[in-house]
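Notes follow the structure.
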Amino acid sequence: MQGDCGEQDFWLHEPGTIRAVTETNVLGTLYGARVAARGMLAQGHGQIFNLEGWGSGNEMRRGSTLYGTSKAAVRYFTRSLGAELRSTPVRVGTINPGIVPTDLLALSIRPEKEASIKRFINLFGDRVETIAPALAERVLANRRQNARITRLTPWRILARVLRAPFGGRRVIE
């Protein structure tokens, strides 16, 4: 799709899309962390967790250059900020929620791939209301600097693949 952040080669994105994705994922993270760090340092404690996504682990896939670059930047920034705050009472980390059906994800699905993408999401995805409590619990229990909280672990992936023939998960219709 022209003009959105979906699966398309980088050079096809409109400048406004490049700016919007960068402002949201990179500048939004930087500005939010700046405000949070100042407040938490003033109060004497706190935790800043930034949101990872495709690209934050150096994954590459054609059509994901824009989004993946923004998430790689978030990962680098978070690790660097954690190093800067290491000797303070403020901890920094990342959350990788896995595959969550969102409006952005829906916009990025090409019509010719819709059926296969839906099967993939139903196998590996989770709804926000399912993952949010589990991720929040792990954040609250965190005591480490540069913690990386991941929902879709290799073991969870394996379990879902092994259970797939016995029952269909329905995350989206």
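The values are calculated or read from the model by the stated rules, or taken from the named source; none is laboratory data. Fair warning: this is a prediction, and the values are worked out from it, not measured in the lab. Glycine gets a Cβ as well: all are built from the backbone with ideal geometry, and neighbour counts include every protein chain shown. Surface accessibility is based on the protein's heavy atoms, side chains included, excluding ligands, DNA and RNA. Shrake-Rupley method; radii C 1.70, N 1.55, O 1.52, S 1.80 Å.
Of note:
- Among residues of region 51-71, those that are under 26 Å from A132 (Cα atoms), among the hydroxyl-bearing types (S, T, Y) and outside any loop (DSSP other than H, G, I, E, B), counted: 3
- Looking only at residues of region 71-92 that are out of contact with any Lys or Arg (no Cβ under 8 Å at 6 or more places or on another chain) and among the basic types (K, R), we find that the one that is surrounded by the fewest Cβ atoms within 10 Å (Cβ to Cβ) is R86.
- Any hit, region 81-91, residues being modelled with pLDDT under 90, of a type in the set (D, E, K, R), out of contact with any Cys (no Cβ under 9 Å at 6 or more places or on another chain) and not in a helix (DSSP H, G or I): no
Results for (1) surrounded by fewer than 16 Cβ atoms within 10 Å (Cβ to Cβ); (2) not acidic (D, E), shown as yes or no for each residue.
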{"residue": "A115", "(1), (2)": "yes, yes"}
{"residue": "R119", "(1), (2)": "yes, yes"}
{"residue": "D126", "(1), (2)": "no, no"}
{"residue": "A147", "(1), (2)": "no, yes"}
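- The sole residue among I109, I95, I18 that is open to solvent by less than 40 Å² (accessible area, probe 1.4 Å), at pLDDT 80 or above and under 21 Å from the mean Cα position of the chain (by Cα) is I95.
- Exclusive hit being within 18 Å of the chain's Cα centre (by Cα), within 27 Å of L12 (Cβ to Cβ), surrounded by 15 or more Cβ atoms within 10 Å (Cβ to Cβ) and in contact (Cβ under 8 Å) with a residue 40 or more places away in the chain, set G68, G53: G53
- Region 149-160, subset of a type outside the set (V, I, T) and over 30 Å from T88 (Cβ atoms), residue least open to solvent (accessible area, probe 1.4 Å): R160
- Test set (1) at pLDDT 85 or above; (2) over 30 Å from D9 (Cα atoms) - G168 fails condition number: (1)
- Only listed residue being open to solvent by 60 Å² or more (accessible area, probe 1.4 Å), without any contact (Cβ under 8 Å) to a residue 12 or more places away in the chain and over 29 Å from L27 (Cβ atoms), chosen from R169, R143, R163: R163
- Count of residues meeting criterion [open to solvent by less than 40 Å² (accessible area, probe 1.4 Å), assigned to a strand (DSSP E or B) and of a type in the set (A, V, I, L, M, F, W, C)] in region 39-50: 1
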